[in-house]
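Novice: Mind looking over this structure? Questions follow.
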């Protein structure tokens, strides 16, 4: 059975990304496109459009050509959107890098993406300098410093591109394994903006905080690009601080909040929330990780507005499901966005299932990625010959078309909305001179959603402490990938073919 959206179909854009996103810039003129939260600095829609065009001309003057990859490694700020859209307007490709990555992690993405330019901020300049060694990166620009020199003749029109050309290369672990470049096109991104706005109506009367990072597909598309397309005002925050988050809502009378589950926990439970006037807030939308029905209802009751959630993944540009206003159902991630098909499939038989039957969630539509960069095998394992993307998540669709995600086939750990691939941490643990074998799973956690937990077998005759092994990992990966719990065991449970039986480890953890 194929499920379709209960929402009316939309006309899909036939436009490159930046002209579509900034289509209303001239009309909106002096309206604030961005307000930098910590400083109050404002960038109007007119200024944004003008700066994007001048910087696009600057990139072209410096040799960036159609298809060239520019890496951006920065926290949220107005300049992030300027670089992003200037590169896109110039026909380039943007690969977005988590600024908390270690130099080794940044290096991997620079090499894999083939980036020739890196843009960062002063805080991460040292990481950038180390990471670009032995890569194709010829120039590194720093926001607020050398990036100011990237100015040229204003680019009047988009450099000609095919709508199926890649424009953004975020990195995702997908359904399993190490991070891979997700090829998102002008067509898939503009389509998903239009689809998502049909389910999450947003207008130029809206204003919201953008603290979810722009390097992450949720922040990039739902906050930055959807917000600009709708003509909203976006208040940037470089990192989450609850008191500042609440203060900005009160000061700017913000109408919407786009959050991840750990932020909902704070909004529902922290006593400081009651000290701020959040009366302008009309809706809270949670994504990036599962949100429990109980927590959504508790936060909604406290804030006096709906707290709903959506569903998607980087490979889906990213939103496949969202909860339209007034259609909240506890535990549901909403309905399929328009022009999207959904199948629920029995993972053991391949049989398509019906209403209220649990199986793997498959998605098809214009939102599906082009594929994984330089990884045809991973692409074929994720998208079948009929165009269905196999999400690796287990769920069911009810009679009203609402999707409920109940489990994961894939092994990915979601720590505060960030992807932590167990295979990456296992490979790292095995490089420790005292470690003979290792397995990593995600354990439920009220605040983080899941935490990475490692099970380690030491080599015969060796001794080590939990802290010693945890510090070894922490020194080589981003903070969100740190092993939060470590257990020494005699053996790792494995199948006859050698595959780690993570389910056994999860069951043992649940029973203990």
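Novice: So in segment 54-67, with the set limited to residues that are in a helix (DSSP H, G or I) and in contact with a helix residue (DSSP H, G or I) (Cβ under 9 Å, 6 or more places away or on another chain), which one is farthest from residue 136 (Cα to Cα)? Can you show your working first?
Specialist: Initial filter on segment 54-67 (in a helix (DSSP H, G or I)): 54-61.
Still in the list and also in contact with a helix residue (DSSP H, G or I) (Cβ under 9 Å, 6 or more places away or on another chain): 54-59.
Numbers: 54: 25, 55: 22, 56: 21, 57: 22, 58: 20, 59: 17 Å.
By that ranking, first place goes to 54.
Novice: Could you tell me how many of the residues in segment 339-356 are modelled with pLDDT of 95 or more and assigned to a loop (DSSP other than H, G, I, E, B)?
Specialist: Counting residues in segment 339-356 that are modelled with pLDDT of 95 or more and assigned to a loop (DSSP other than H, G, I, E, B) gives 7.
Novice: Do any helices (runs of 4 or more DSSP H) entirely within segment 206-301 hold 3 or more residues that are within 25 Å of residue 413 (Cβ to Cβ), and if so, which?
Specialist: Working: elements: 226-230, 242-252, 261-269.
In segment 206-301, the matching helices (runs of 4 or more DSSP H) lie at 261-269.
Novice: May I ask you to list the residues in segment 315-349 that are surrounded by 24 or more Cβ atoms within 10 Å (Cβ to Cβ), more than 14 Å from residue 198 (Cβ to Cβ) and touching a helix residue (DSSP H, G or I) at 6+ places or on another chain (Cβ under 9 Å)?
Specialist: Of the residues in segment 315-349, the ones surrounded by 24 or more Cβ atoms within 10 Å (Cβ to Cβ) are 315-323, 332-337, 340, 342, 344.
This time we only want the ones that are more than 14 Å from residue 198 (Cβ to Cβ), so: 315-318, 332-333, 342, 344.
Those that are surrounded by 24 or more Cβ atoms within 10 Å (Cβ to Cβ), more than 14 Å from residue 198 (Cβ to Cβ) and touching a helix residue (DSSP H, G or I) at 6+ places or on another chain (Cβ under 9 Å): 315, 316, 317, 318, 332.
Novice: Find the residue count for segment 71-102, including only residues that are under 18 Å from residue 144 (Cα atoms) and within 15 Å of the chain's Cα centre (by Cα).
Specialist: Matching residues across segment 71-102 total 6.
Novice: Since residue 70 meets every condition but one in (1) closer than 29 Å to residue 208 by Cβ; (2) free of Cβ contacts under 8 Å to residues at least 60 places away in the same chain; (3) surrounded by fewer than 22 Cβ atoms within 10 Å (Cβ to Cβ), which condition does it not meet?
Specialist: Residue 70 satisfies all of (1) closer than 29 Å to residue 208 by Cβ; (2) free of Cβ contacts under 8 Å to residues at least 60 places away in the same chain; (3) surrounded by fewer than 22 Cβ atoms within 10 Å (Cβ to Cβ) except (3).
Novice: Residues of segment 392-422 being touching a helix residue (DSSP H, G or I) at 6+ places or on another chain (Cβ under 8 Å), touching a residue at least 40 places away in the same chain (Cβ under 8 Å) and in a strand (DSSP E or B), which ones?
Specialist: Passing the criteria: 415, 418, 420.
For (1) part of a loop (DSSP other than H, G, I, E, B); (2) touching a residue at least 24 places away in the same chain (Cβ under 8 Å); (3) touching a helix residue (DSSP H, G or I) at 6+ places or on another chain (Cβ under 9 Å), each residue gets a yes or a no:
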site	(1), (2), (3)
134	yes, yes, yes
137	yes, yes, yes
141	no, yes, yes
144	yes, yes, yes
148	no, no, no
151	yes, yes, yes
154	yes, yes, yes
159	yes, yes, yes
167	no, yes, yes
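Novice: Something else about it: Given the residues 226, 237, 263, which is the only one that is under 24 Å from residue 313 (Cα atoms), touching a helix residue (DSSP H, G or I) at 6+ places or on another chain (Cβ under 7 Å) and free of Cβ contacts under 8 Å to residues at least 60 places away in the same chain?
Specialist: Values: 237 fails: free of Cβ contacts under 8 Å to residues at least 60 places away in the same chain; 263 fails: touching a helix residue (DSSP H, G or I) at 6+ places or on another chain (Cβ under 7 Å).
Exactly one residue qualifies, and that residue is 226.
Novice: If residue 246 satisfies every condition in (1) within 28 Å of residue 181 (Cα to Cα); (2) in contact with a helix residue (DSSP H, G or I) (Cβ under 8 Å, 6 or more places away or on another chain); (3) without any contact (Cβ under 8 Å) to a residue 40 or more places away in the chain but one, which is the exception?
Specialist: It is condition (1) that residue 246 fails.
Novice: With respect to residue 440, is the statement that it is touching a residue at least 24 places away in the same chain (Cβ under 8 Å), touching a strand residue (DSSP E or B) at 6+ places or on another chain (Cβ under 6 Å) and farther than 29 Å from residue 263 by Cα true?
Specialist: Judged against the criteria, residue 440 is not a match.
Novice: Go through segment 458-481 and give me each residue that's surrounded by 16 or more Cβ atoms within 10 Å (Cβ to Cβ) and touching a strand residue (DSSP E or B) at 6+ places or on another chain (Cβ under 7 Å).
Specialist: 458, 464, 469, 470, 480, 481
Novice: Let me ask you something else. For residue 440, only one of the following conditions fails: (1) assigned to a loop (DSSP other than H, G, I, E, B); (2) crowded, with 16+ Cβ neighbours inside 10 Å. What is its number?
Specialist: (1)
Novice: Same structure again: Listed residues 264, 319; which is at pLDDT 95 or above and within 30 Å of residue 190 (Cα to Cα)?
Specialist: The match here is 319.
Novice: If you go through segment 109-124, how many residues are in contact with a strand residue (DSSP E or B) (Cβ under 9 Å, 6 or more places away or on another chain) and either surrounded by fewer than 17 Cβ atoms within 10 Å (Cβ to Cβ) or not in a helix (DSSP H, G or I) (or both)? Step through it out loud before you land on a result.
Specialist: We begin by selecting, within segment 109-124, every residue in contact with a strand residue (DSSP E or B) (Cβ under 9 Å, 6 or more places away or on another chain); these are 109-110, 112-122, 124.
Remaining after also requiring either surrounded by fewer than 17 Cβ atoms within 10 Å (Cβ to Cβ) or not in a helix (DSSP H, G or I) (or both): 114-122.
Looking only at that region, the number is 9.
Novice: Same structure, new question: Among the residues of segment 446-462, are any more than 30 Å from residue 355 (Cβ to Cβ) and free of Cβ contacts under 8 Å to residues at least 12 places away in the same chain?
Specialist: yes
Novice: I would also like to ask the following. Within segment 27-53, count every residue that is assigned to a helix (DSSP H, G or I) and either buried (at least 18 other Cβ atoms within 10 Å of the Cβ) or touching a helix residue (DSSP H, G or I) at 6+ places or on another chain (Cβ under 7 Å) (or both).
Specialist: The qualifying residues number 9.
Novice: Which condition breaks for residue 284 when tested against (1) touching a residue at least 60 places away in the same chain (Cβ under 8 Å); (2) closer than 30 Å to residue 41 by Cα?
Specialist: Evaluating residue 284 over (1) touching a residue at least 60 places away in the same chain (Cβ under 8 Å); (2) closer than 30 Å to residue 41 by Cα leaves (1) as the failure.
Novice: Only one of these is more than 22 Å from the chain's Cα centre (by Cα) and modelled with pLDDT of 90 or more: 483, 435. Name it.
Specialist: Exactly one of 483, 435 is more than 22 Å from the chain's Cα centre (by Cα) and modelled with pLDDT of 90 or more, namely 435.
The values are calculated or read from the model by the stated rules, or taken from the named source; none is laboratory data. Please read all numbers here as calculations on a predicted model, not as lab measurements. Neighbour counts run over all protein chains shown; Cβ positions are idealised from the backbone, glycine included.
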